[in-house]
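The values are calculated or read from the model by the stated rules, or taken from the named source; none is laboratory data. This is a predicted model, so every value here is computed, not measured. Cβ: placed from backbone, ideal geometry, glycine included. Neighbour counts: every protein chain shown. For the accessible areas, the whole protein counts, side chains as well, though only heavy atoms, and no ligand, DNA or RNA atoms are used. Shrake-Rupley method; radii C 1.70, N 1.55, O 1.52, S 1.80 Å.
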Amino acid sequence: MTLPPLRITLNSPEDTTKFASRLGAILHPGDILLLQGKIGTGKTHFARSLIQSLMTRPEDVPSPTFTLVQVYDTRKGEIWHCDLYRLSAVEEVEELGLAEAMEQAICLIEWPEKLGPLTPGSALTLTFETDPDMLDMRHITLTWTDEKWAQKLEVSE
């Protein structure tokens, strides 16, 4: 069952950081966020902000564009930040160990369309869009099929 999407508007990078922190506070190992959107729409800024909000000691959170995966130990457990943009086959996803991580860690996955048939049905999808009139404004559409997200998102508001 697909539930109606939730659409939010964030007026600045600071608003995105605050939203990422609120969302991070409700995540637990096994939760998966699929981050969709064109290059430059704020996916990495969102992921970086969420990860940093859960760290016990601040550290740099680089984009995983070239490494494909960055793993962080946080007070909520491991977070896997994945950027699948450069993958060319689903088999490469399996080689990364991502299937196992999706069960045991919090996973933030940029370019999730590369997952193909491995796309988890329990994930929360965040689709990022820039505003054509306001450079710093982002529109994020949240969609899910797993009912747990409706409850989690209600708590985070």
TODO: Rounded to the nearest Å, what's the spacing between the alpha carbon centres of region 82-146 and region 33-75? Just the number, please.
DONE: 12 Å
Open item on the list: 5 Å is the cut-off here: which amide hydrogens, built 1.01 Å from N in the peptide plane, fall below it relative to Q36, excluding neighbours closer than 5 in sequence?
Closed with: L126, T127, F128
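Probe radius 1.4 Å, ligands and nucleic acids ignored: give me the carbon and sulfur share of the accessible area of the chain as a rounded percent. Display every interim value, and only then the final one.
Numbers: 4260 of 8170 Å².
Within the chain, the accessible surface is 52 percent carbon and sulfur.
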TODO: Would you mind working out the accessible area per residue for the chain, using a 1.4 Å probe, and quoting it in Å²?
DONE: 52 Å²
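Provide the net charge surrounding E59, with neighbours chosen by a C-beta distance below 15 Å and charges set as Lys +1, Arg +1, Asp -1, Glu -1. Working shown, then result.
On the way: positive: R48, R57, R75; negative: D60, D73, E78.
Residues close to E59 contribute a combined charge of 0.
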- [ ] Could you tell me whether region 64-157 comes out rounded, prolate or oblate from its Cα gyration tensor? Rule is a ≥ b ≥ c as square roots of the eigenvalues, rounded for a/c under 1.5, then prolate if a/b exceeds b/c, otherwise oblate.
- [x] oblate
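Taking chymotrypsin sites (Phe, Trp or Tyr not before Pro) as candidate sites, keep only those in a DSSP loop with at most 16 other Cβ atoms within 10 Å, then name the longest stretch of the chain containing none of them.
Numbers: sites that count: F66, Y85.
Between the exposed loop sites, the longest stretch runs 86-157.
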- [ ] Name the residues whose placed amide hydrogens come within less than 5 Å of the amide hydrogen of D31, ignoring near sequence neighbours (fewer than 5 apart) on the same chain.
- [x] C107
TODO: Apply the Debye scattering formula to region 1-55, with a single equal point scatterer on each alpha-carbon and no solvent, then give log10 I(q)/I(0) at q = 0.17, 0.18, 0.30 Å⁻¹.
DONE: -0.60, -0.67, -1.36
- [ ] Among the GluC sites (Glu not before Pro) in region 1-78, which ones are in a DSSP loop with at most 12 other Cβ atoms within 10 Å of the Cβ? Mind listing them?
- [x] E59
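For region 1-153, with only Lys/Arg (+1) and Asp/Glu (-1) charged at the beta-carbon, what is the dipole magnitude about the Cα centre, in debye rounded to 20? Don't skip to the end; give the middle numbers.
Details: 14 positive and 22 negative charges, 100 e Å.
Once rounded to the nearest 20, the dipole reads 480 debye.
What share of the DSSP beta bridges in region 1-107 is antiparallel, in percent to the nearest 5? Don't skip to the answer; put the middle values down first.
Numbers: 6 of 9 bridges.
If I count the DSSP bridges inside region 1-107, around 65 percent turn out antiparallel.
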TODO: Quick one: grab Rg to one decimal and Dmax as a whole number for region 1-155, Cα atoms only, in Å.
DONE: 14.6, 41
- [ ] Report, to two decimal places, the Cα Rg of region 11-87 normalised by 2.2 N^0.38 Å (N = number of residues).
- [x] 1.04
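What FRET efficiency, computed as 1/(1 + (r/R0)^6) with R0 = 30 Å and r the Cβ-Cβ distance, is obtained for D60 and D136, rounded to the nearest 0.05?
Numbers: r = 23 Å, r/R0 = 0.76.
That pair, D60 with D136, gives E of 0.85.
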